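Here is the structure we will look at, set down as structure tokens.
The values are calculated or read from the model by the stated rules, or taken from the named source; none is laboratory data. All of these numbers come straight from a predicted model, not from anything done at the bench. Every residue, glycine as well, gets a Cβ built from its backbone with ideal geometry; the counts of neighbours run over all protein chains shown.
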Amino acid sequence: MTQPLHIKNAQIWDDVFSSYSNGAVRHDLYVANERIANRPAAGALTVDLEGYTIFPGLVNAHDHLELNHFPRSKFRDVYDNAHQWGEDMNGRLETEPYKSLRAYALDDRLFIGGLKNLLCGVTTVAHHNPPHRALFRKDFPVRVLQKYGWSHSLHFNTTAEIVESYRKTPKDWPWFIHLAEGRDEIAAKEYQRLKVLGCVGKNTVMVHGVGISPNENTSGRGLVICPSTNQYLLDKVTYQTDSSFYDWSWKYGGIALGSDSRLTADGDLLDEMRFALHNIMDQNVIVAVGMFQDAAHQILAMVMSSAAKLLNCEDMGELRNDFSADFIAIRSTEDDATALCNARRAELALVVRDGIPRIGDPDMMAKFPHIQTTPATLDGVPKAIHIDIARRIHQCRLKERGLELDEIPEKRFFLF
């Protein structure tokens, strides 16, 4: 059973909406049975986090978890659409370094994708590929969405495959497809093509959407954008209404941010948040996806509450009673929202999933004496990692960039 917690003296972002006007609120946070509780449980460990701000764990709405050990790759300066990139990539799979990297065990490749996400504060991920069994092991670093349907794209799937996948997906599950990932006429027509197939409904989640016209009468569950991938491949982040500003007045039910994999993206979800803040969120633009005109708050919604709703994860993305006890901590600043959007993974003081601290600064992890840890270095910054995660990292034949671990004791502990 998970150790109950009573966290006091921290600034708490229950959710981005309630925290919008005045910032985080100082109040106690309780954890019991892997959930947020409304009162302290018997035997709760009291932890004083004065000087820290706690946010919900991040929700990554799009990743290809088995592709994060590949180098960032493209073979032209700019692509008209991602289908061209896919064909270029497929033609090189038997060349190096891709041939050797593809030969690693699937479990190891998936694990590295999960670890990448955990280290940057992501606790829940939507994997845009088959639901491999390894993703749902108890020792997998992050929670992976289980109830979903998907097709790759209109280019790399047949019409019959797309229609069958959509029809087989329960209507209350999100159904994902890469759509309009381009800047040409092919991309611009994809939304209408999908609509003609009868695959645009209340559960349809479109990924990228760069080529969708701002005048398109769109519908569906929502849109996931992956800014650094779009910029890298297409030299265009999302659709533009003129040469200066980006119109975010989508008619979807929601919008979320995804990291994509390192095969095309800048890095992890924190990198996407920082990229969005500095490259597409102009203060003169009203961001109409939510209720905000403030860029940092909008980005937080796109990786917290809005993302959770888009993925149909109704008990995530906020720190409310009976929600999953997933949260991250940073040192408090005068503007915590902007600080988190600008943060890099080594700057996170603590990452907690299901009420269990997984990685953090050494002095922070020492506040949880029931957790056995091992020393590590992340991007040159000292860290302490939960011993069971450390053992799994040592077992993996692939290595996470920027992460170094000390030797760990042989005695086995199973704390989760």
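List of remarks:
- Complete set of residues in the stretch 156-191 that are touching a residue at least 12 places away in the same chain (Cβ under 8 Å), more than 23 Å from GLN231 (Cβ to Cβ) and more than 19 Å from the chain's Cα centre (by Cα): THR159, ILE162, VAL163, SER165, TYR166, LYS168, THR169, PRO170, LYS171, ASP172
- Verdict on ALA41 being touching a residue at least 24 places away in the same chain (Cβ under 8 Å) and over 17 Å from SER228 (Cα atoms): yes
- Among the candidates ASN117, ASN38, residue that is buried (at least 21 other Cβ atoms within 10 Å of the Cβ) and either under 21 Å from CYS313 (Cα atoms) or modelled with pLDDT of 95 or more (or both): ASN117
- Of the listed requirements (1) in a helix (DSSP H, G or I); (2) at pLDDT below 90; (3) among the charged types (D, E, K, R), GLU272 misses just one: (2).
- Enumerated strands (runs of 3 or more DSSP E) restricted to the stretch 52-154, each holding at least 1 residues that are in contact with a Pro (Cβ under 8 Å, 6 or more places away or on another chain), closer than 26 Å to ARG221 by Cβ and not assigned by TED's automatic domain parsing to the domain that holds LEU233: none
- Applying a threshold of 9 Å to beta carbon distances and a minimum spacing of six or more residues, or different chains, the list of pairs starting in the stretch 397-409 at a residue that is without any contact (Cβ under 8 Å) to a residue 40 or more places away in the chain and crowded, with 16+ Cβ neighbours inside 10 Å and ending at one that is part of a loop (DSSP other than H, G, I, E, B) and aromatic (Phe, Trp, Tyr) is empty.
- Taken over the stretch 95-149, the criterion of being free of Cβ contacts under 8 Å to residues at least 24 places away in the same chain, farther than 25 Å from HIS394 by Cβ and touching a strand residue (DSSP E or B) at 6+ places or on another chain (Cβ under 9 Å) is satisfied by PRO130, PRO131.
- Qualifying positions in the stretch 172-219 - of a type in the set (D, E, K, R), surrounded by 14 or more Cβ atoms within 10 Å (Cβ to Cβ) and not in a helix (DSSP H, G or I): GLU181, ARG183, ASP184, LYS189, GLU216
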